[in-house]
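*Asks:* Here it is: the structure, laid out below.
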Amino acid sequence: MTTTTPGTHRDLSVALVTLGCARNDVDSEELAGRLAADGFRLVDDPDDAETVVVNTCGFVDAAKKDSVDTLLAAADLKEGGRTRAVVAVGCLAERYGRDLAESLPEADAVLGFDDYPDIAARLRSILAGEVLHPHTPQDRRRLLPISPAARDASTVSVPGHGVSSTDGIGAHGPTTGPRAVRRRLAGGPMAPLKLASGCDRRCAFCAIPSFRGSFVSRRPADVLAEARWLAGEGVRELFLVSENSTSYGKDLGDLRLLETLLPELAAVEGIERVRVSYLQPAETRPGLVEAIATTPGVSPYYDLSFQHASATVLRRMRRFGDPESFLGLLDRVRVLAPAAGVRSNVIVGFPGETDDDLQTLCDFLVAGRLDVTGVFGYSDEDGTEAAAYDGKLGEDEIRARVEHVTDLVEQLTAERAEARVGEEVLVLVESLEDTGDGRVAEGRADHQGPEVDGTTRLTAGSPAVGDLVPARVVAAEGADLVAEPTRPGERR
């Protein structure tokens with residue numbers, strides 16, 4: 001990593017624009033930490049930046065289009081403004097590299113994950129007029145051994161895993177132990193924290209492993225050090241993210257490592273709530289279900305990636321499961337934590353999906369009583385097995401199926417939220433809004449994950465952002481709840 005004492009170069013301004021998932025949020029904050037440590041001045045508004053770095057998403061077509069549109073909008077700032085360079089990083093840049101650069105000459109550079117450790121030097125070269133060779137994509141699964149136990153992540157660049165003992169990085173972090181290479185870009189009492197990166201699964205529809213690489217866990221000491229640093233930055237909820245959290249520890253010799261790490265994270269001073277994201281149903285073992293349901297300070301929240309319910313479709317997807325096994329898993333969750341939150345995503349219109357398969361999915365969603373379900377229509381992804389499948393459905397048919405399942409999900413989500421009326425919840429306040437009737441506090445209960453699972457509005461009291469307020473649900477509005485504080489004035 002290039003390290004320079006701040007102030008040894010002219011003060012260059014940079015804005016980071018982040019698209020996509022919470023994992024990208026962590027990656028952007030690692031880039032911000034590296035840039036700040038090497039003398040760059042971070043600014044919020046791209047209009048005020050000499051360099052705009054766009055951390056792109058390359059997951060599905062809509063996300064790709066959003067990334068390209070954002071890069072074009074940033075490039076427009078170069079016309080008579082302060083901005084001198086626009087740089088693409090992130091998943092779209094890593095996945096397409098040279099092809100993206102050729103199709104988008106408005107971007108001054110397309111950098112891959114291997115450029116992250118030297119990001120400051122790369123930006124200075126671009127601003128000096130140097131034309132950098134576009135990133136050359138490769139299958140990042142080939143960079144590490146097939147055997148998880150033989151993987152040494154220090155030999156490759158893994159975004160979001162940066163750890164350093166350099167004094168200038170992770171300022172205000174722990175005084176001993178490794179410091180996170182990270183600088184927060186967004187305030188608020190919740191922050192994502194990476195458990196791992198990459199994925200060893202070979203789902204037929206998914207290209208992520210090819211550009212994110214094989215599954216690599218972060219060492220518990222590094223995760224805990226970053227958690228302590230985040231707590232020192234005012235964070236009260238840790239949102240544990242990865243491509244597959246149920247695999248955490250398998251490359252470190254202990255597949256049950258997450259069960260032992262959760263209570264340690266919950267015990268970090270200043271942290272009130274820990275939430276785990278992205279669990280693979282086929283890998284969700286009873287011990288992990290129990291740890292999430294019963295560990296004090298850990299939200300009984302299950303982000304279960306079902307993707308479908310028909311056993312036939314799941315096999316074609318290179319996944320495992322059926323309605324009976326999925327409902328059995330949900331039963332085990334609710335025996336331990338009756339009020340647990342459960343969310344999932346499903347893909348409809350997968351090649352070969354029949355009307356009976358679609359009905360099986362709908363029947364499962366009715367029986368499963370999930371809090372929130374994201375519905376996606378299938379689309380071919382470059383380099384995936386499913387792109388070569390027969391039995392493709394037409395776009396109009398896929399659109400109709402998406403609308404059908406979405407309508408069902410909206411009804412089920414509203415019913416599930418309505419069923420929570422009368423429940424006692426603990427709301428983490430994330431925003432305050434002044435209205436004609438006073439200030440309204442809004443946040444999330446334990447069953448509500450960040451951004452995608454609805455919010456809870458408090459009807460009374462005067463909490464501050466970051467407070468945890470005990471309340472009783474009094475109404476539901478779609479996935480959103482309205483709650484009345486049960487002990488006005490009491491908060492943690």
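The values are calculated or read from the model by the stated rules, or taken from the named source; none is laboratory data. None of the values given here were measured: they were computed from a predicted structure. Here the Cβ is made from the backbone with ideal geometry for all residues, glycine too, and neighbour counts use every protein chain on show. Side chains included, ligands, DNA and RNA excluded: accessible areas come from the protein's heavy atoms. Shrake-Rupley method; radii C 1.70, N 1.55, O 1.52, S 1.80 Å.
*Asks:* Condition check: under 23 Å from the mean Cα position of the chain (by Cα) and of a type in the set (D, E, K, R). Does Glu424 satisfy that?
*Replies:* Numbers: under 23 Å from the mean Cα position of the chain (by Cα): no; of a type in the set (D, E, K, R): yes.
No.
*Asks:* Looking at the range 408-415, can you tell me whether even one residue there is at pLDDT 95 or above, farther than 18 Å from Ser310 by Cα and among the polar types (S, T, N, Q)? If you could, list the steps in order and put the result at the bottom.
*Replies:* Filtering the range 408-415 down to residues at pLDDT 95 or above leaves 408-415.
Checking the rest, the ones that are also farther than 18 Å from Ser310 by Cα come to 410-415.
Among the residues that remain, those that are also among the polar types (S, T, N, Q) are: 411, 413.
Yes: the range 408-415 contains one or more residues that are at pLDDT 95 or above, farther than 18 Å from Ser310 by Cα and among the polar types (S, T, N, Q).
*Asks:* Go through (1) at pLDDT 85 or above; (2) surrounded by fewer than 21 Cβ atoms within 10 Å (Cβ to Cβ) for Asp167 and report which single condition fails.
*Replies:* (1)
*Asks:* Then there is this: Can you list the strands (runs of 3 or more DSSP E) lying wholly within the range 179-281 that have 1 or more residues being of a type in the set (Gly, Ala, Ser)? Reasoning before the result, please.
*Replies:* Working: elements: 190-194, 237-241, 273-276.
The strands (runs of 3 or more DSSP E) meeting that bar are 190-194.
*Asks:* Something else about it: Against the definition (of a type in the set (Gly, Ala, Ser), modelled with pLDDT of 95 or more and more than 22 Å from the chain's Cα centre (by Cα)), how does Ala37 come out, yes or no?
*Replies:* no
*Asks:* So if I check each of Arg142, Arg122, which one is charged (D, E, K, R) and in contact with a strand residue (DSSP E or B) (Cβ under 9 Å, 6 or more places away or on another chain)?
*Replies:* Every option except Arg122 fails the conditions.
*Asks:* Which number in (1) closer than 26 Å to Arg183 by Cα; (2) hydrophobic (A, V, I, L, M, F, W, C); (3) open to solvent by 50 Å² or more (accessible area, probe 1.4 Å) marks the one condition that Leu262 misses?
*Replies:* Looking at each condition in turn, Leu262 falls short on (3).
*Asks:* Within the range 83-106, work out how many residues are free of Cβ contacts under 8 Å to residues at least 40 places away in the same chain and of a type in the set (Gly, Ala, Ser).
*Replies:* The total comes to 3.
*Asks:* Looking only at helices (runs of 4 or more DSSP H) that lie completely in the range 20-100, which have at least 2 residues being crowded, with 22+ Cβ neighbours inside 10 Å and small (Gly, Ala, Ser)?
*Replies:* Where helices (runs of 4 or more DSSP H) fall fully within the range 20-100 and carry at least 2 residues being crowded, with 22+ Cβ neighbours inside 10 Å and small (Gly, Ala, Ser), they are 22-37, 61-76.
*Asks:* Looking at the structure I just gave you, is Gly58 in contact with a helix residue (DSSP H, G or I) (Cβ under 8 Å, 6 or more places away or on another chain) and at positive phi?
*Replies:* no
*Asks:* Please pick out the residue among Phe306, Phe326, Phe320 that is within 24 Å of the chain's Cα centre (by Cα) and surrounded by fewer than 17 Cβ atoms within 10 Å (Cβ to Cβ).
*Replies:* Phe320 is the lone residue from the list that is within 24 Å of the chain's Cα centre (by Cα) and surrounded by fewer than 17 Cβ atoms within 10 Å (Cβ to Cβ).
*Asks:* Among the listed residues Val181, Val235, Val241, identify the single one that is aliphatic (A, V, I, L, M), modelled with pLDDT under 95 and either out of contact with any Leu (no Cβ under 8 Å at 6 or more places or on another chain) or closer than 24 Å to Leu428 by Cα (or both).
*Replies:* Val181
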